[in-house]
Amino acid sequence: MARGTALAWRRIRSPVYLLTWCLPLAAAAVLALALWPVYRESVTDLNKQVREAIAEEIQGLDEHYHEKGIDALKETIDLRVRAPADPDAAYLLLDADGSVLAGNLKRWPSAVPKEERPWFSVLQADGETLEGRVFELYDNRLLLVGRRSPLRRIDQHLRTQLWSATIFGLIACGAIGITAILLFRWRISKMATRVDSIESGDLSQRLPLSGTGDELDELARRFNSAFDRIATLIDGTRHISSAIAHDMRRPVASLRNELDELSRDSRLDAASRERVNQALERIDEMLATFSALLRLARIEAGSFGPRRDQIDLRALWQDAVDLYEAVAVERGMHIVPHLERATVTGDRDLLFQVAQNLLENAVRHGGGEIQVELRNGGAGAQLTVRDHGSGVPSETLPHLFERFYRVDTARTSGGFGIGLALVKAIVELHGGRVRARNAEPGLAVEVELPSAA
C-alpha cells in the first residue's frame, strides 16, 4: 500500500503529469478570464437597451396624457396593444377602484406594489422577467409600463455557453495532455527496453529515434554516442585481454615445462621441490585462465556456436557433482543435489563447463553444505547452486559476471575473475540468463535455460 502511494505521488510530481493536469486548468482559467468580461458586457448592454426602450415608451405615453387626457391615453395604449411595435411591451392602466382601463396585462402583478416606483423587476409565473416603471396619475389612477425582458433567458443561455466552453476546453486540453503523456511514456518505454538490453550485456542495441528531431531524439542520439564509445572501449579491453592470453600461453607453457623438469631433479631438497610444485600449481591456474579467456573471446565474438544436441541436464549435473564431491569433502563441505529430469538443446561440453565453474566457485568460496537444485519449469530448466559461505556485498552483485571482477573483501581464496563471466557467456549463447543473489547465508547463482521443445 505504502509503495503504491509512493509511486502514485512520484508520478503526480512528474513534470509530464503536472503538464497534463495544469494544461486543462490553465485553459479553463484563460477561457474564464476571456469570456467573463464578454458575458458581463453583454448583460449590461441588454439591460441598458431594455431600460431605454421603456423610457421611450413612458415619454410617449406621458405626452399623450398631459396633452389629451385620460381617454387619449387609453386609446393610445389600446392602439399599441392591437398593433405592437414591440411584442414584449407590457401596459396596464388601472382606475382608482382597481379596474382595468386599458393594457395587455390581465391583472396587476402581485409582486409589484400599487404605488409609484422608479423601477421594478419581477419574475412572472411563465418564467419571464417583467421590468418597468409605475406612475401614479391624476385621481389615483396607476399606469404600469414595462417590458418582458429576455435578460433572464439570455443570461442563462450565456452562462450555459460559458460553462460549456470551459468544460469543453478542460476535456480538449485533458485529452491532448493524456495523448501527449501516453506518447511520451510509449517512447520512454521503448528506450527503457533498449537500455535494459544494453544493461544485460547486448552492447549492439541502441535507443530508437522517432525521426522528429525533438528533445527525446536529441537525448537518444547523445546516449547512443556514449554507448558507441563504451562499446568501443569494452571491445578494445576484450581484444587486449584475449591478445595477452593468446601471446602469454606459449611462454608460460614453456616455463611450466622447465619447472616440471626441475621438479624431477634429484638434486633438489624437499623444501625446494615443494616450492617448485606450488609454482607449477600457480602456472596451471594461469594456463587455465588463459584458456578460459580465449574461449570467452570466441563465444563473445560469435565464432563459437554451440552444437544443437539434446542434453540431459540431470545426467550432466550428476556427473559434475560426482566430480567435485571429493574436493568438497576434502574442504569440509558436502554437495546436496536435488535434480529433476530436464532436457535442453546445446553443446554438452560448454554446459559442463558451466557446471564445473559454478561448483568450483561454490567449493572455493562456500562453507558447509552446497545445494544444487535442478527443476523442470516446463518452459525451461531452472538451476540453482547455493553455497553457505559469507556471501558478497549487495552492491557487488551486478558486477559478479564481469571478467576479472573479484570481491576482494569477501572472496580472496584465489581465482582470476573469469569463471562467472564464462558462465554468463555460455548461458546467453544457449538463449538463457543467469543472475546471482545473496541467500543469507551464502551466495545463490540461478541459471535459466530454454527447454529442448
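The values are calculated or read from the model by the stated rules, or taken from the named source; none is laboratory data. In this text the structure is predicted, and so the values were computed from the model without any measurement. Every residue, glycine as well, gets a Cβ built from its backbone with ideal geometry; the counts of neighbours run over all protein chains shown. SASA here: full protein model, heavy atoms, side chains in, ligands and nucleic acids out. Shrake-Rupley method; radii C 1.70, N 1.55, O 1.52, S 1.80 Å.
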### Query
How about the range 156-194: which of its residues are closer than 30 Å to residue 434 by Cβ and either open to solvent by less than 60 Å² (accessible area, probe 1.4 Å) or touching a residue at least 60 places away in the same chain (Cβ under 8 Å) (or both)?
191, 192
### Task
Identify, from the list 266, 254, 272, the residue that is of a type in the set (S, T, N, Q), modelled with pLDDT of 75 or more and open to solvent by 40 Å² or more (accessible area, probe 1.4 Å).
272
### Query
If you take the residues of the range 91-112 that are under 15 Å from residue 76 (Cα atoms) and of a type outside the set (A, V, I, L, M), which of them is least open to solvent (accessible area, probe 1.4 Å)?
91
### Query
Has the range 99-107 got any residue that is touching a helix residue (DSSP H, G or I) at 6+ places or on another chain (Cβ under 9 Å) and modelled with pLDDT under 80?
no
### Query
Could you say which residue among 427, 407 is open to solvent by less than 20 Å² (accessible area, probe 1.4 Å), at pLDDT below 70 and not in a strand (DSSP E or B)?
407
### Query
If you go through the range 312-359, how many residues are open to solvent by 30 Å² or more (accessible area, probe 1.4 Å), not β-branched (Val, Ile, Thr) and not in a helix (DSSP H, G or I)?
9
### Query
Out of curiosity, is residue 193 under 30 Å from residue 420 (Cβ atoms) and either among the hydroxyl-bearing types (Ser, Thr, Tyr) or in contact with a strand residue (DSSP E or B) (Cβ under 8 Å, 6 or more places away or on another chain) (or both)?
yes
### Query
Do any residues in the range 371-389 that are more than 16 Å from residue 321 (Cβ to Cβ) and in a strand (DSSP E or B) have Cβ atoms under 6 Å from those of residues that are open to solvent by 10 Å² or more (accessible area, probe 1.4 Å) and at pLDDT 85 or above, where the two are at least six apart or on different chains, and which pairs are they?
376/340; 380/448; 380/449; 380/450; 382/375; 382/448
#### Entry: Residue ID - farthest from residue 280 (Cα to Cα), chosen from residues in the range 203-243 that are modelled with pLDDT under 70 and open to solvent by 90 Å² or more (accessible area, probe 1.4 Å)
233
### Query
How about the range 32-71: which of its residues are among the charged types (D, E, K, R) and either surrounded by 15 or more Cβ atoms within 10 Å (Cβ to Cβ) or closer than 28 Å to residue 163 by Cβ (or both)?
40, 41, 45, 48, 51, 57, 62
### Message
Restricting to the range 72-86, name every residue that is assigned to a helix (DSSP H, G or I) and surrounded by fewer than 12 Cβ atoms within 10 Å (Cβ to Cβ).
### Response
79, 82
### Pairs with Cβ under 9 Å, 6+ apart, first in the range 28-57 and modelled with pLDDT under 75, second polar (S, T, N, Q) and buried (at least 16 other Cβ atoms within 10 Å of the Cβ)
28/166; 31/166; 32/166; 35/166; 46/149; 47/149; 50/149
